[in-house]
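What follows is a single structure, written as structure tokens, with notes after it.
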Amino acid sequence: DFEKKDEKILGLVSQNFAAGIVKNVAGKSQALLNGNEKCNYAVYIGKNKAPGIVHGSYKDNYLSIKFIPIWIDIQVGDEVTTSGKDNIFFKGLKVGKVLGIKKKADMQEAIVEPYAKALREEYFYVYKKESKEKLPQPKNSNK
């Protein structure tokens, strides 16, 4: 029942965890839960804050985090949090825990167990970052 008129992507929160995103589709809000291939947002992994992108599901109940630089060390057990870099979520909202890592030639992919159990929830909250208020600009005095 969330009214959405603009095209900005918003964050979907459940039980204080990142649960997905909200988009405007034909003038109506559409929630895309974690695991949906079109549910993408920026995250950090572990203490080294390796950047990555949530990108759909991996075998039903797990998330795939892609585009992790190969030169940044990540470990099984690392916590995944939102980075805030995409202005969808604020920095530091918990997403899940790394269960496995796939090393590729030019990047890494992490398999993550999400904290939000989105299919069991009845209610979600939408996170919307409000823009800072514009301060009045000083008037130029041309003498």
Item to check | Sole exception among (1) in a loop (DSSP other than H, G, I, E, B); (2) surrounded by fewer than 16 Cβ atoms within 10 Å (Cβ to Cβ) for G35, by number | outcome: (2)
Checklist entry - Is there any pair linking a residue in segment 19-31 that is over 18 Å from H55 (Cβ atoms) to one that is part of a strand (DSSP E or B) and among the β-branched types (V, I, T), with Cβ under 6 Å and at least six apart or on different chains, and which? => result S29/V22
Checklist entry - Name the residues in segment 4-44 that are in contact with a Pro (Cβ under 8 Å, 6 or more places away or on another chain) and not hydrophobic (A, V, I, L, M, F, W, C), would you? => result N34, G35, Y44
Checklist entry - Here is a list of conditions, (1) modelled with pLDDT of 95 or more; (2) over 16 Å from K97 (Cβ atoms), and D60 meets all of them except one; can you say which number that is? => result (1)
Next on the checklist: For I74, only one of the following conditions fails: (1) within 22 Å of K5 (Cα to Cα); (2) surrounded by 13 or more Cβ atoms within 10 Å (Cβ to Cβ). What is its number?
Outcome noted: (1)
Next on the checklist: Need the failing condition index for I72 against (1) in a strand (DSSP E or B); (2) touching a residue at least 24 places away in the same chain (Cβ under 8 Å), just the number.
Outcome noted: (1)
Checklist outcome for this item: Counting only residues in segment 88-129 that are of a type in the set (F, W, Y) and in contact with a Gly (Cβ under 7 Å, 6 or more places away or on another chain), the one least open to solvent (accessible area, probe 1.4 Å) is identified as F89
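The values are calculated or read from the model by the stated rules, or taken from the named source; none is laboratory data. Model, not experiment: these values are computed from the prediction. When we count neighbours, we look across all protein chains shown, and the Cβ atoms used for this are built from the backbone with ideal geometry, even at glycine. Each accessible area value is taken on the protein alone, full model and side chains, heavy atoms only, with ligands, DNA and RNA left out. Shrake-Rupley method; radii C 1.70, N 1.55, O 1.52, S 1.80 Å.
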